[in-house]
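S.K.: Okay, handing you the structure first.
The values are calculated or read from the model by the stated rules, or taken from the named source; none is laboratory data. Values in this document were obtained by computation on a predicted structure and should not be read as measured data. Note that each Cβ is placed from the backbone with ideal geometry, even for glycine, and that neighbours are counted across all protein chains shown.
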Ligand SMILES: [Zn+2]
């Protein structure tokens with residue numbers, strides 16, 4: 001079920017990016033991120049907890065959302081930043097975006113926060129490309145370009161790519177795609193770990209992203225952490241009815257400083273397809 005939703009979301013994103021090619025370029029990230037949350041909530045309400053955070057006035061840590069993936073036995077926590085491809089130039093123009101008042105790029109803030117909290121930082125990219133020449137790293141299913149409407153890359157690999165290459169920063173679609181996987185792989189692909197359960201599959205795919213980085217000589221995130229129990233605050237949020245959440249989240253909102261909120265998806269293998 002989760003995989004199907006991520007696949008449909010990716011296809012829709014690919015198509016919508018293309019259809020709105022010439023439309024205003026403002027905040028496409030927020031639009032597509034919102035659509036992802038709506039897809040999960042409308043189609044997999046029983047598998048999804050979404051804890052929205054109110055808009056922040058202060059600087060934030062660079063994360064659009066925190067995502068916990070679980071099969072009920074294992075848990076894995078991601079910190080995600082979303083970036084839309086600039087279609088005209090086929091580049092992730094804002095990949096190294098630094099807010100005016102911030103001392104570091106959003107990507108660095110994301111990585112620092114994830115490191116401090118034991119989460120894995122990734123960038124979720126929203127894409128459309130007229131080219132079919134980009135890498136298709138998924139080993140489980142044949143190339144299906146619209147499924148690349150949302151792709152993921154290890155945030156440390158992305159930063160290394162930008163910072164260490166001399167001359168123009170490497171932010172081109174095909175360069176980044178060569179180090180990325182389709183989003184749907186996160187819950188679906190068994191190729192990297194003997195993926196019993198969605199958390200282990202996600203762990204395996206994150207490992208696959210690290211390997212891609214290593215192969216091409218990039219710095220990477222440390223291996224992801226697979227937990228046997230969720231952190232106390234995640235458990236508490238899951239046990240709190242939506243009406244009572246604002247009271248519980250008030251402290252979290254201030255300390256975590258995530259833009260959109262926390263998503264928890266829990267799917268046992270019995271639930272999947
Ligand atoms: Zn895959």
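Here's the yes/no breakdown for (1) on the phi < 0 side of the Ramachandran plot; (2) modelled with pLDDT under 90:
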{"position": "7", "(1), (2)": "yes, no"}
{"position": "22", "(1), (2)": "yes, yes"}
{"position": "49", "(1), (2)": "yes, no"}
{"position": "60", "(1), (2)": "yes, yes"}
{"position": "72", "(1), (2)": "no, no"}
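S.K.: On the given criteria, is residue 13 buried (at least 22 other Cβ atoms within 10 Å of the Cβ), part of a helix (DSSP H, G or I) and either touching a helix residue (DSSP H, G or I) at 6+ places or on another chain (Cβ under 8 Å) or at pLDDT 90 or above (or both)? Reasoning before the result, please.
M.R.: Values: buried (at least 22 other Cβ atoms within 10 Å of the Cβ): yes; part of a helix (DSSP H, G or I): yes; either touching a helix residue (DSSP H, G or I) at 6+ places or on another chain (Cβ under 8 Å) or at pLDDT 90 or above (or both): yes.
So residue 13 passes the test.
S.K.: Does the stretch 77-85 include one or more residues that are over 14 Å from the mean Cα position of the chain (by Cα) and surrounded by fewer than 22 Cβ atoms within 10 Å (Cβ to Cβ)?
M.R.: no
S.K.: Could you list, in sequence order, all residues of the stretch 51-69 that are buried (at least 24 other Cβ atoms within 10 Å of the Cβ) and part of a loop (DSSP other than H, G, I, E, B)?
M.R.: Selection gives 62, 63.
S.K.: Any idea which of (1) under 18 Å from residue 162 (Cβ atoms); (2) in contact (Cβ under 8 Å) with a residue 60 or more places away in the chain; (3) in contact with a helix residue (DSSP H, G or I) (Cβ under 9 Å, 6 or more places away or on another chain) is the one residue 98 doesn't satisfy?
M.R.: (2)
S.K.: Would you mention how many residues in the stretch 189-218 are under 19 Å from residue 123 (Cβ atoms), in contact with a strand residue (DSSP E or B) (Cβ under 9 Å, 6 or more places away or on another chain) and away from the ligand (no atom under 13 Å from the Cβ)?
M.R.: Qualifying residue count for the region: 4.
S.K.: Go over the candidates 204, 217 one by one and state the one that is out of contact with any helix residue (DSSP H, G or I) (no Cβ under 8 Å at 6 or more places or on another chain) and either part of a loop (DSSP other than H, G, I, E, B) or farther than 21 Å from residue 80 by Cβ (or both). Reasoning before the result, please.
M.R.: On the way: 204 fails: either part of a loop (DSSP other than H, G, I, E, B) or farther than 21 Å from residue 80 by Cβ (or both).
Step by step, each of 204, 217 is checked, and only 217 is out of contact with any helix residue (DSSP H, G or I) (no Cβ under 8 Å at 6 or more places or on another chain) and either part of a loop (DSSP other than H, G, I, E, B) or farther than 21 Å from residue 80 by Cβ (or both).
S.K.: Across the stretch 70-90, what is the total count of residues that are in a loop (DSSP other than H, G, I, E, B) and in contact with a helix residue (DSSP H, G or I) (Cβ under 8 Å, 6 or more places away or on another chain)? Please lay out each step first, then the result.
M.R.: So the first thing to find is which residues in the stretch 70-90 are in a loop (DSSP other than H, G, I, E, B), and the list is 71-74, 85, 87-90.
Checking which are in contact with a helix residue (DSSP H, G or I) (Cβ under 8 Å, 6 or more places away or on another chain) leaves us with 71, 73-74, 85, 87, 90.
Residues flagged as in a loop (DSSP other than H, G, I, E, B) and in contact with a helix residue (DSSP H, G or I) (Cβ under 8 Å, 6 or more places away or on another chain) within the stretch 70-90 amount to 6.
S.K.: Could we say that residue 95 is outside any loop (DSSP other than H, G, I, E, B) and surrounded by 14 or more Cβ atoms within 10 Å (Cβ to Cβ) here? If you could, list the steps in order and put the result at the bottom.
M.R.: On the way: outside any loop (DSSP other than H, G, I, E, B): no; surrounded by 14 or more Cβ atoms within 10 Å (Cβ to Cβ): yes.
No.
S.K.: Out of 185, 125, report the one residue that is touching a helix residue (DSSP H, G or I) at 6+ places or on another chain (Cβ under 6 Å), within 16 Å of the ligand (Cβ to nearest atom) and under 30 Å from residue 70 (Cβ atoms). Let's see the steps before the verdict.
M.R.: Working: 125 fails: touching a helix residue (DSSP H, G or I) at 6+ places or on another chain (Cβ under 6 Å).
When all the criteria are applied, what remains is 185.
S.K.: Okay, moving on. Kindly establish whether residue 133 is over 27 Å from residue 255 (Cα atoms), surrounded by fewer than 19 Cβ atoms within 10 Å (Cβ to Cβ) and within 16 Å of the ligand (Cβ to nearest atom).
M.R.: Values: over 27 Å from residue 255 (Cα atoms): yes; surrounded by fewer than 19 Cβ atoms within 10 Å (Cβ to Cβ): yes; within 16 Å of the ligand (Cβ to nearest atom): no.
Against the criterion (over 27 Å from residue 255 (Cα atoms), surrounded by fewer than 19 Cβ atoms within 10 Å (Cβ to Cβ) and within 16 Å of the ligand (Cβ to nearest atom)), residue 133 does not qualify.
S.K.: Quick check on my filter: what residues within the stretch 153-189 are surrounded by 22 or more Cβ atoms within 10 Å (Cβ to Cβ), outside any helix (DSSP H, G or I) and modelled with pLDDT of 95 or more?
M.R.: Once the filter is applied, which keeps residues that are surrounded by 22 or more Cβ atoms within 10 Å (Cβ to Cβ), outside any helix (DSSP H, G or I) and modelled with pLDDT of 95 or more, the stretch 153-189 yields 153, 154, 179, 180, 181, 182, 183, 184.
S.K.: Can you find, within the stretch 230-272, the residue that is modelled with the highest pLDDT among those that are loosely packed, with under 11 Cβ neighbours inside 10 Å and outside any helix (DSSP H, G or I)?
M.R.: Step by step, filter the stretch 230-272, then rank; the result is 241.
S.K.: In addition: Just to check your reading of the model, which residue among 186, 237, 179 is in contact (Cβ under 8 Å) with a residue 60 or more places away in the chain, touching a strand residue (DSSP E or B) at 6+ places or on another chain (Cβ under 7 Å) and within 29 Å of residue 127 (Cα to Cα)?
M.R.: On the way: 237 fails: within 29 Å of residue 127 (Cα to Cα); 179 fails: in contact (Cβ under 8 Å) with a residue 60 or more places away in the chain.
Answer to the selection: 186.
S.K.: For residues that are surrounded by fewer than 16 Cβ atoms within 10 Å (Cβ to Cβ) and more than 9 Å from the ligand (Cβ to nearest atom), scanning just the stretch 136-149, find the one that is farthest from residue 29 (Cα to Cα).
M.R.: Top of the filtered list is 142.
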